[in-house]
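Asker: I am attaching a structure below and will ask some questions about it afterwards.
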Amino acid sequence: MNSARFRLARAFALGALLTLPFCAAMGQEVAEKPTLKVGDQWVFTQSTDSGKESIWSRRIVAVGADGVADVQTGPDKTQQYDISWNFIDPRGAEYSRTPFKFPMRVGAEWSFTTKTGTNIIMDQRNSYKVVAYEPVTVPAGTFDCFKVDGKSEITYKASYNYTMNETYWYCPKVNSIAKIHRETTTRSRDSGSTREKTESQLTKYTPKS
């Protein structure tokens, strides 16, 4: 009798252990594509490691049936973004990067190659990975966000190399990023090397009422 009870308890415990990963996966946070509406606005403060500060913003002025949004980024400047917040380069799809990919969940990763440059066209290699789901505090408030690490690199023969490492925090509650940190390094045979760090934080989010 005791032996039967022991076997039953062991089987129950083993079954519970086997279902733990499944339950964890079922409970994993997932972000679907943002819902962008005309009138939504985001304001950011940007700082650099050299001490410079500036303000930039995005305001949606139109959304097409395909989800493409016309976004005002300055007094006389409008850019287009797809439904996932990826900038649509007017030169064509081969120039458009996709640092945002949905559904977004921890562990997801993707890579792609795009064209870049004007006089000389070069390949830009890009890779991104969602590394965490965590709370982030910025001037606009505290939000639960997906932390994404990304890297972009351009190499042209032996004369030019560009590397950008970035981390952004995408927050479903604000339908956008709340914070982004970038570090860029440029090495040129003709003009030497430069390095810059920038960080932007959301200071105000005004959804359409």
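Asker: Is the C-alpha gyration tensor of segment 48-188 telling us rounded, prolate or oblate? Criteria: a/c under 1.5 is rounded; beyond that, a/b larger than b/c is prolate, otherwise oblate.
Answerer: In terms of gyration-tensor shape, rounded.
Asker: To continue, here is another question. Relative contact order, percent, of segment 41-130 when contacts are C-alpha pairs under 8 Å separated by at least 6 residues?
Answerer: Computed value for segment 41-130: 14 percent relative contact order.
Asker: May I ask you to derive the FRET efficiency for Ala132 and Ser159 from their Cβ-Cβ distance with R0 = 35 Å, giving the value to the nearest 0.05?
Answerer: Working from the Cβ atoms, E equals 0.40.
Asker: What is the calculated FRET efficiency for Gln80 to Thr113, with r their C-beta to C-beta distance and R₀ = 22 Å, to the nearest 0.05?
Answerer: FRET efficiency, Gln80 to Thr113: 0.55.
Asker: Test of understanding: what is the full-extension gain from Glu29 to Thr167, defined as 0.36 nm times their sequence separation minus their Cα-Cα distance?
Answerer: Computed gain between Glu29 and Thr167 is 47.8 nm.
Asker: Could you tally the net charge around Asn86, taking each other residue with its Cβ under 9 Å from the Cβ of Asn86, Lys/Arg +1 and Asp/Glu -1?
Answerer: For residues surrounding Asn86, the net value is +1.
Asker: For Gln28, what charge total do you get from the other residues with a beta carbon under 14 Å from its beta carbon, if Lys and Arg give +1 and Asp and Glu give -1?
Answerer: -3
Asker: Need one number: nm distance between label points at Asp66 and Val38, each 7 Å from Cα along Cα→Cβ, rounded to one decimal.
Answerer: Placing both labels 7 Å beyond Cα along the Cβ direction yields 1.9 nm.
Asker: Relative contact order of segment 29-206: what whole-number percent is it, with Cα pairs under 8 angstrom and at least 6 residues apart?
Answerer: Across segment 29-206, relative contact order equals 19 percent.
None of the figures in this text is laboratory data; all of them are computed from the coordinates on show. Treat the numbers as computed from the prediction; the structure is a model and nothing was measured. For neighbour counting, all protein chains shown are included, and Cβ atoms are generated from backbone atoms with ideal geometry for every residue, glycine included.
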